[in-house]
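One structure below.
The values are calculated or read from the model by the stated rules, or taken from the named source; none is laboratory data. All values reported here derive from a predicted model rather than from experimental measurement. Areas reflect the complete protein model, heavy atoms only, side chains present, ligands, DNA and RNA absent. Shrake-Rupley method; radii C 1.70, N 1.55, O 1.52, S 1.80 Å.
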Amino acid sequence: MERLNISLEDVKVVYDGPEGVLWELIMGEQIHVGGFKSSMELVQKAGIQQGWKGLDLCSALGAGCRFLVKNCGVTMCGLDGTQTMHQKAQERSQAEGLADKIELRLGDVTEIPWPDNTFDFVWGEDAWCYVVDKDKLVSEAARVLKPGGTLAFTDWIEGPAGLSDDEAKRINTFMKFPYMENLEGYKTLIQNTGLTLVSAEDLTPEYASYVDFYIKMLTDQLSYDALKIIGDDMELFQAMGGEMAFMGQKAHEGKMGRGRFIARK
Ligand SMILES: C[S@@+](CC[C@H](N)C(=O)[O-])C[C@H]1O[C@@H](n2cnc3c(N)ncnc32)[C@H](O)[C@@H]1O
């Protein structure tokens, strides 16, 4: 897949600005497909255990860390590159009385600011599609895992039917993704780091129904709120709706979707 010239600086513009707020409106504090339900499935697949210390890469509003602390009895660190997200994550963890169990840092996930062999698990939910150098990201994740530690993540990926270059360019430009991996690509990246792949699952059909669900929410319930976030710009709202509809169509065709990956060090 052609790689677009999109860097962390471009992604920061999204998550420092109204688009980030819009994603929270659509998905909730956990900015990923399936929210609580998806996180719980990832917990079960990964076998997360009480007392473990985890790292959430691209932790955004910190809801992934708070979810894991509240539901799994773990302690968490979170790393995100966007100042607004980092600040809101700190405020919300403080407000929920969880700040003593969550350490949040601002930084790039391809240069993880923790030493080797620190974490029992490394976690990611629907965010690594924004990262240019996914090879470095996965090898950094492997580096900070303790021996025997678990890597568990979901991500938006190219679907099994594959996107044409034009389709990929349109979706990646709208989403500000440099490129999306596919299932085989992630399997290779994981295995190249020396981690043992436990599972790689394609969740594309489920993903397609979620895109339909988001479009229905935006058109049938949340239009006023979404418009307010983007300065009541109806033209932009309709253009964004058109791009989401295009993604939904490609998802139903099996061309773009979502994957879930588990590996052990
Ligand atoms: C979709 S949100 C993540 C959602 C979060 N995992 C959750 O489930 O709530 C994407 C996040 O990735 C972060 N991000 C993207 N590229 C990054 C990078 N190279 N380093 C650190 N953070 C990055 C953005 O700042 C943004 O907060």
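Relative contact order of the stretch 3-100: 26 percent, from C-alpha pairs under 8 Å at least 6 residues apart in sequence. For Lys265, the aspartates and glutamates whose Cα comes closer than 13 Å to its Cα, not counting residues fewer than 8 places off in the same chain, are Asp116, Asp120, Glu140. If both residues of a DSSP beta bridge must be in the chain, then about 45% of such bridges are antiparallel.
Would you calculate a helix-derived [θ] at 222 nm for the chain, using -39,500 (n - 2.57) for each DSSP H run of n ≥ 4 and dividing by the full residue count, to the nearest 500? Could you put the intermediate results ahead of the total?
Numbers: 11 runs with 129 residues, N = 265.
After summing the helix terms and dividing by residue count, I get -15000 deg cm²/dmol.
Of Met247, Met27, the order by accessible heavy-atom surface (1.4 Å probe, DNA, RNA and ligands excluded), from most exposed downward, is Met27, Met247. Heavy atoms only, probe 1.4 Å: what % of the accessible area of the chain goes to carbon and sulfur, would you let me know? Of the solvent-accessible surface of the chain, carbon and sulfur hold 51 percent. Averaging over all projection directions, the Cα-based convex hull of the chain occupies 12.8 nm² in the image plane. Here the relative contact order of the stretch 8-255, from alpha carbon pairs under 8 Å that lie six or more residues apart, stands at 17 percent.
Amide hydrogen proximity for Trp52: with H placed 1.01 Å from N in the peptide plane, the residues at 5 or more positions away or on another chain lying under 5 Å are Thr75. Accessible surface area normalised per residue over the chain is 42 Å², counting heavy atoms of protein chains with a 1.4 Å rolling probe. Per residue, the average separation of C-alpha pairs within less than 8 Å and at least 6 apart gives the stretch 83-165 a relative contact order of 30 percent. When the listed pairs Lys70/Lys216; Lys101/Lys134; Lys176/Lys228; Lys176/Lys255; Lys12/Lys70 are checked against a 25 Å cut-off, the alpha-carbon distance exceeds it for Lys70/Lys216; Lys101/Lys134; Lys12/Lys70.
Between the helical axis of 234-252 and the longest alpha-carbon principal axis of the chain there is an angle of about 60 degrees.
Once all protein chains are placed together, Leu106 keeps about 80 Å² accessible to a 1.4 angstrom probe. The listed residues Asp225, Asp56 rank as Asp225, Asp56 when sorted by accessible area, largest first, using a 1.4 Å probe. Between Glu125 and Thr154, the built amide H atoms are under 5 Å apart, and every one of these is 5 or more places off in sequence or on another chain.
With the radius of gyration and the Kirkwood radius both derived from the Cα set of the stretch 1-138, what is their ratio Rg to Rh? That ratio equals 0.94. If you take the Cα centroid of the stretch 23-40 and the Cα centroid of the stretch 148-169, the two points sit 18 Å apart. The accessible-area ordering, largest first, of the residues Arg66, Arg170, Arg92 stands as Arg170, Arg92, Arg66, per a 1.4 angstrom probe.
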